[in-house]
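Down below is the structure, laid out as structure tokens.
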Amino acid sequence: MPENVHLIAETATRRLSLIAQTNGMWRFVEHSHYEGDEYTGAYFAPTHESGLYESADAAERDARATLPWLRQS
């Protein structure tokens, strides 16, 4: 199975994961950073999940078209 790929925003407040599925398809998930509080601390939580794509390249292309912070990089 191909390895997953991670892209991180320059400000380190968002990250994108390209995730390989066991059926050979790919998807992407955007996570955003939250400061949290004294109980949770800082953490990343999912803020966007895609559908399925035939390749990692196709998933990344759509992520770049969909997520504003990726269009700027």
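The values are calculated or read from the model by the stated rules, or taken from the named source; none is laboratory data. Values in this document were obtained by computation on a predicted structure and should not be read as measured data. A quick note on method: Cβ atoms are made from the backbone with ideal geometry, for glycine too, and the neighbour counts reach across all protein chains shown. With ligands, DNA and RNA removed, areas are computed over all heavy atoms of the protein, side chains included. Shrake-Rupley method; radii C 1.70, N 1.55, O 1.52, S 1.80 Å.
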(request) Please compute P(r) over all alpha-carbon pairs of the stretch 33-73, binned at 10 Å starting from zero, and give each bin as a whole-number percent. (result) 25, 37, 25, 13, 0
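Please report, as a whole percent, how much of the solvent-accessible surface of the stretch 2-61 comes from carbon and sulfur atoms (probe radius 1.4 Å).
Details: 1950 of 4000 Å².
Carbon plus sulfur share of accessible area: 49 percent.
Counting only heavy atoms of the protein chains, get the accessible area per residue of the chain (1.4 Å probe) and round it to a whole Å² value.
Details: 4920 Å² over 73 residues.
Computed with neighbouring chains in place, this is 67 Å² per residue.
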(request) Return the long-range amide H neighbours of Leu67 (sequence gap of 5 or more, or a different chain), with a cut-off of under 5 Å between placed amide H atoms. (result) none
(message) Show me, for the stretch 29-34, the HN-Hα J-couplings you get by feeding each phi into the Karplus relation (A = 6.51, B = -1.76, C = 1.60, θ = phi - 60°), rounded to Hz, glycine and proline as x.
(response) 9, 9, 10, 10, 7, 10
(request) Calculate for the chain the 222 nm mean residue ellipticity that helices alone would give, adding -39,500 (n - 2.57) per DSSP H run of length 4 or more and normalising by residue count, nearest 500 deg cm²/dmol. (result) -5500 deg cm²/dmol
(request) For the stretch 12-73, state which GluC sites (Glu not before Pro) are in a DSSP loop and have at most 10 other beta carbons lying within 10 Å of their beta carbon. (result) Glu35, Glu38, Glu54
(message) Let's test the formula: R0 of 25 Å, r as the Cβ-Cβ distance of Ala42 and Val5. What FRET efficiency results, to the nearest 0.05?
(response) 0.60
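Over all directions, the average projected area of the alpha-carbon convex hull for the chain comes to how many nm²?
Working: hull surface 21.5 nm².
About 5.4 nm², averaged over all directions.
Select from the chain those chymotrypsin sites (Phe, Trp or Tyr not before Pro) which occupy a DSSP coil region and have at most 11 other Cβ atoms within 10 Å, ordered by residue number. Mind dumping the intermediate values first?
On the way: sites: Trp26, Phe28, Tyr34, Tyr39, Tyr43, Phe44, Tyr53, Trp69; in loops: Tyr39.
In loop regions of the chain (DSSP not H, G, I, E or B), the sparsely surrounded chymotrypsin sites (Phe, Trp or Tyr not before Pro) are Tyr39.
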(request) On a 0 to 90° scale, report how tilted helix 56-66 is relative to the longest principal axis of the chain, with both axes built from alpha carbons and the result rounded to the nearest 10. (result) 50
